Amino acid sequence: MSPEDIWLELLGQNLVILLLAGFVILCVLLGVRIVPQAEKHVVERFGRLRAVLGPGINLIVPFLDRVAHKVSILERQLPTASQDAITTDNALVEVETSVFYRILEPEKTVYRIRDVDAAIATTVAGIVRAEIGKMELDEVQSNRSALIATIKSSVMDAVDDWGIEVTRAELLDVNLDQQTREAMLQQLNAERARRAQVTEAEGRKRAVELAADAQLYAAEQQAKARRISAEAEAYATQVVAAAIAENGLEAAQYQVALKQVEALVALGQGAGKQTVVLPASALDVFADAFSLLKGRG
């Protein structure tokens, strides 16, 4: 063989080897798929679902399988939506909501719903209107946590077939129309006035009660003083009675004469009383007292 033939033969062999090496490299590149941590890849074979690849290194069949969808599994937030609703007491409110969700089963999400964000937003709007329509305005204002829990539960049930998990639902604000605000303001002012009147009436009632308690306390103290005085007089009477019973009638007469003398002495010692006119019977008092004192001595 000529050098040219040998060179062509070697070139052909090298070309085949290079082609085989290139084919192997291409198969490796097509068959090995590295999926990021925050994604899942949906693999199709001839247009049909073949597998769902999770994070890490995955192998597929080159030229038969292909990655049709790359789906992020990070938590997503829908844009804040605003919708009108009417309560049971015919109050028009504008509700602002926000929903957070995460895709758990990408094969359901990509094959069962075209626009998942729009679908969730529509579902939330309908559920919010339905739930607020069952409540009065005061309940909407005071039971937000219960309303949020109900909305979240209802949305989760509605989107379960789409492979989605609703992680959070928020009721950001409840806005009222101008007429409803004015009516609520009038009601609030009336309630404040009523509370002020009630407070004032309760104050007057309390003052009357305290005054009555004070009068009752004074009466009780006076009655107590009279009772103590009566008990003292009764005790003194008992002492005198006991003395009379023990010493006889002379002790009583002695006490009476002594009191009469003390009274006359006090009369004589009064201011401006330099001359004292006594009845004739007063001398008998002194005589009786003197005789009693002499007798007791």
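The table below gives the values:
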read-out	value
Residue selected from region 166-208 under the condition small (Gly, Ala, Ser) and without any contact (Cβ under 8 Å) to a residue 40 or more places away in the chain, by the criterion farthest from Glu96 (Cα to Cα)	Ala207
Test result for Arg114, of a type in the set (Lys, Arg), under 30 Å from Gly47 (Cβ atoms) and surrounded by fewer than 16 Cβ atoms within 10 Å (Cβ to Cβ)	yes
Residue in region 57-71 that is of a type in the set (S, T, N, Q) and either assigned by TED's automatic domain parsing to the domain that holds Lys108 or in a loop (DSSP other than H, G, I, E, B) (or both) present	no
Residue in region 109-132 that is part of a strand (DSSP E or B) and either closer than 26 Å to Ala158 by Cα or modelled with pLDDT under 90 (or both) present	no
Search result, residues across region 165-202 that are small (Gly, Ala, Ser) and either loosely packed, with under 10 Cβ neighbours inside 10 Å or modelled with pLDDT under 85 (or both)	Ala183, Ala190, Ala193, Ala196
Failed item, numbered, when Tyr101 is tested on (1) surrounded by 14 or more Cβ atoms within 10 Å (Cβ to Cβ); (2) modelled with pLDDT under 85; (3) outside any helix (DSSP H, G or I); (4) not hydrophobic (A, V, I, L, M, F, W, C)	(2)
Any hit, region 76-83, residues being touching a Leu at 6+ places or on another chain (Cβ under 9 Å), modelled with pLDDT of 90 or more, over 18 Å from Leu147 (Cβ atoms) and assigned to a strand (DSSP E or B)	no
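The values are calculated or read from the model by the stated rules, or taken from the named source; none is laboratory data. Keep in mind that what you see is a predicted model, and the values were worked out from it rather than measured. Positions of Cβ are backbone-derived with ideal geometry, glycine not excepted, and every protein chain shown enters the neighbour counts.
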